[in-house]
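The values are calculated or read from the model by the stated rules, or taken from the named source; none is laboratory data. Only a predicted model underlies this, so the values are computations on that prediction, with no experimental measurement involved. Cβ atoms come from the backbone with ideal geometry, glycine included; neighbour counts cover every protein chain shown. Calculation scope for accessible area: heavy atoms of the full protein, side chains included, ligands and nucleic acids excluded. Shrake-Rupley method; radii C 1.70, N 1.55, O 1.52, S 1.80 Å.
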Amino acid sequence: MNILVINPGSTSTKMAVYEDERPLVLRSISHSQEELAPFDDVLQQREYRKQLVLNELQRCGIELQFDAVIGRGGLVKPIEGGVYEINQRMLDDTYSGIALHNHACNLGCLIAHEIASQIPGCRSFIADPGVVDELNDYARISGSPLMNRICIWHALNQRAIARRFAQEVGKRYEDLDLIICHMGGGISVAAHQHGKAVDANNALDGEGPFSPERAGSLPACDLIRLCFSGKYNEKQLLKRIAGKAGLNAHLGTTNVKEIEQRITDYGDKHAELILNAMIYHLAKNIVGLGAVFCGKVDAILLTGGLARSEYVISRLRKRIDFLAPVYCFPGEDEMEALALNALAVLRGKREAKEYD
């Protein structure tokens, strides 16, 4: 089976070509601010990014002969986890503005569908987008009936790591109780109970621990007062939640290696305080999910780019390993996860769901 994988991000479009489980091509096409400046809206970048993918395929000598094209899922309405065949309703919802955020991941289904439609017999999919919602009834309730909790999290990578761990220990993902933490520019922590993420934070909109570029949970009344202070407009305040927030707001960078260097080479006590505070709050969120399982957790899995940091992982372990064994899976492999999801459907091992 030949599969094309497309993963649009804020500053890059990743693409890959797989022959069954074997990657033939892995590329990350970077986009400078100058290149994206002419586009007022992310969706306007669709044709531009699609053409870059097609150009790269041509450059690699790969013809448009695929059994499936799978894209990173967008932030449309909440759905169950799994693989979804891209249909007109999904495309309409993406274009209509129902999407929770104007994020580049919304381009995934659009580009995948357009390329697949040029190839006879080719199917188009998304898998485990960030809006996968399997919350239990308790997790959905907040302290105000005006707003329920929602989750926006790294569903694709977390679920891929869960299945990988289950295979390594000779068990089924659906038989395990896991706490999984994806640590990147944003941090998501989820409780995976027998194959479903029954609790997870909104890692984009301001919930959970703060991260390299996101604020996490904030004091509610202080935030309301700030909104009415006249000092910031709506767009500026949203940036203070995601973007110019977290380590970036405190220390002027999202690069944890750089922060570690400030601490070790220059004795920067402020940088040490802020980075250790992020680890402290992250540990509280991880351990807090132990209550979902009444403390009976099979394992805690740490993944994402920050899982490469010995500084972060060693300090985090000290605060959480009393709860369950801790396993580290540095980085992320969303491209492989997408390819394997498409392959499972093509081989009849998994059924594609219908977005409605």
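I'd like to know if the stretch 251-264 contains one or more residues that are open to solvent by less than 50 Å² (accessible area, probe 1.4 Å) and in contact with a Lys or Arg (Cβ under 7 Å, 6 or more places away or on another chain).
Taking the stretch 251-264 as the starting set, the residues that turn out to be open to solvent by less than 50 Å² (accessible area, probe 1.4 Å) are 251, 253, 256, 259-260, 263.
Now restrict to residues that are in contact with a Lys or Arg (Cβ under 7 Å, 6 or more places away or on another chain): none.
Scanning the stretch 251-264, I find no residue that is open to solvent by less than 50 Å² (accessible area, probe 1.4 Å) and in contact with a Lys or Arg (Cβ under 7 Å, 6 or more places away or on another chain), so the answer is no.
Can you say whether Ile119 is under 17 Å from Gly74 (Cα atoms) and assigned to a loop (DSSP other than H, G, I, E, B), as far as the supplied structure shows?
Details: under 17 Å from Gly74 (Cα atoms): no; assigned to a loop (DSSP other than H, G, I, E, B): yes.
So Ile119 does not fit the description; no.
Taking the stretch 145-188 only, how many residues are polar (S, T, N, Q) and touching a residue at least 40 places away in the same chain (Cβ under 8 Å)? Explain how you work it out, then say what you get.
So in the stretch 145-188, the residues polar (S, T, N, Q) come out as 148, 157-158, 167, 188.
Filter once more, keeping what is touching a residue at least 40 places away in the same chain (Cβ under 8 Å): 157-158.
Here the count works out to 2.
If you go through the stretch 22-32 one residue at a time, how many are under 22 Å from the mean Cα position of the chain (by Cα) and open to solvent by 40 Å² or more (accessible area, probe 1.4 Å)?
Taking the stretch 22-32 and keeping what is under 22 Å from the mean Cα position of the chain (by Cα), we get 23, 26-32.
Remaining after also requiring open to solvent by 40 Å² or more (accessible area, probe 1.4 Å): 23, 26-28, 30, 32.
Of the residues in the stretch 22-32, 6 are under 22 Å from the mean Cα position of the chain (by Cα) and open to solvent by 40 Å² or more (accessible area, probe 1.4 Å).
Among the numbered conditions (1) open to solvent by 10 Å² or more (accessible area, probe 1.4 Å); (2) part of a helix (DSSP H, G or I); (3) at pLDDT 95 or above, tell me where Ala162 comes up short.
So Ala162 meets the others, but not (1).
Somewhere in the stretch 238-247, is a residue of a type in the set (Val, Ile, Thr), in a helix (DSSP H, G or I) and more than 20 Å from the chain's Cα centre (by Cα)? Give the steps one after another, and end with the answer.
Restricting attention to the stretch 238-247, the residues satisfying the condition of being of a type in the set (Val, Ile, Thr) are 241.
Imposing the further condition that a residue be in a helix (DSSP H, G or I) reduces the set to 241.
Within this subset, residues satisfying the condition of being more than 20 Å from the chain's Cα centre (by Cα) are none.
Checked against the condition, which is being of a type in the set (Val, Ile, Thr), in a helix (DSSP H, G or I) and more than 20 Å from the chain's Cα centre (by Cα), the stretch 238-247 yields no hits at all.
Can you tell me which of (1) open to solvent by 10 Å² or more (accessible area, probe 1.4 Å); (2) among the polar types (S, T, N, Q); (3) within 24 Å of Glu336 (Cβ to Cβ); (4) modelled with pLDDT under 95 is the one Asn106 doesn't meet?
(1)
List the number of the failed condition for His182; all other conditions in (1) touching a helix residue (DSSP H, G or I) at 6+ places or on another chain (Cβ under 6 Å); (2) outside any helix (DSSP H, G or I); (3) open to solvent by 30 Å² or more (accessible area, probe 1.4 Å) hold.
Looking at each condition in turn, His182 falls short on (3).
Sort out which residues of the stretch 158-189 are under 12 Å from the mean Cα position of the chain (by Cα) and under 21 Å from Val292 (Cα atoms), and write them in order of number. Steps first, please.
Filtering the stretch 158-189 down to residues under 12 Å from the mean Cα position of the chain (by Cα) leaves 158-160, 181-189.
Hits for the stretch 158-189 are Gln158, Arg159, Cys181, His182, Met183, Ile187, Ser188, Val189.
Can you pull out every residue in the stretch 55-65 that is open to solvent by 10 Å² or more (accessible area, probe 1.4 Å) and in contact (Cβ under 8 Å) with a residue 12 or more places away in the chain?
Initial filter on the stretch 55-65 (open to solvent by 10 Å² or more (accessible area, probe 1.4 Å)): 55-56, 58-65.
If the condition is that a residue be open to solvent by 10 Å² or more (accessible area, probe 1.4 Å) and in contact (Cβ under 8 Å) with a residue 12 or more places away in the chain, then Glu56, Cys60, Ile62, Leu64, Gln65 are the ones that fit.
For the stretch 208-237, which positions are open to solvent by 60 Å² or more (accessible area, probe 1.4 Å) and not in a loop (DSSP other than H, G, I, E, B)?
Listed by number, the residues that qualify are Ala220, Cys221, Asp222, Leu223, Ile224, Arg225, Leu226, Cys227, Glu234, Lys235, Gln236.
Over 21 Å from the mean Cα position of the chain (by Cα) and among the charged types (D, E, K, R) - does that describe any residue in the stretch 69-87?
In the first step, residues of the stretch 69-87 are kept if they are over 21 Å from the mean Cα position of the chain (by Cα); the result is 87.
With the extra rule that they be among the charged types (D, E, K, R), the set shrinks to none.
No, because not a single residue in the stretch 69-87 is over 21 Å from the mean Cα position of the chain (by Cα) and among the charged types (D, E, K, R).
Among what's in the stretch 74-99 and is touching a Lys or Arg at 6+ places or on another chain (Cβ under 8 Å) and part of a loop (DSSP other than H, G, I, E, B), pick the residue that is surrounded by the most Cβ atoms within 10 Å (Cβ to Cβ).
This residue is Gly81.
Only one residue in Asp128, Asp133 is open to solvent by less than 10 Å² (accessible area, probe 1.4 Å) and in contact with a strand residue (DSSP E or B) (Cβ under 9 Å, 6 or more places away or on another chain). Which one?
Working: Asp133 fails: open to solvent by less than 10 Å² (accessible area, probe 1.4 Å).
The conditions single out Asp128.
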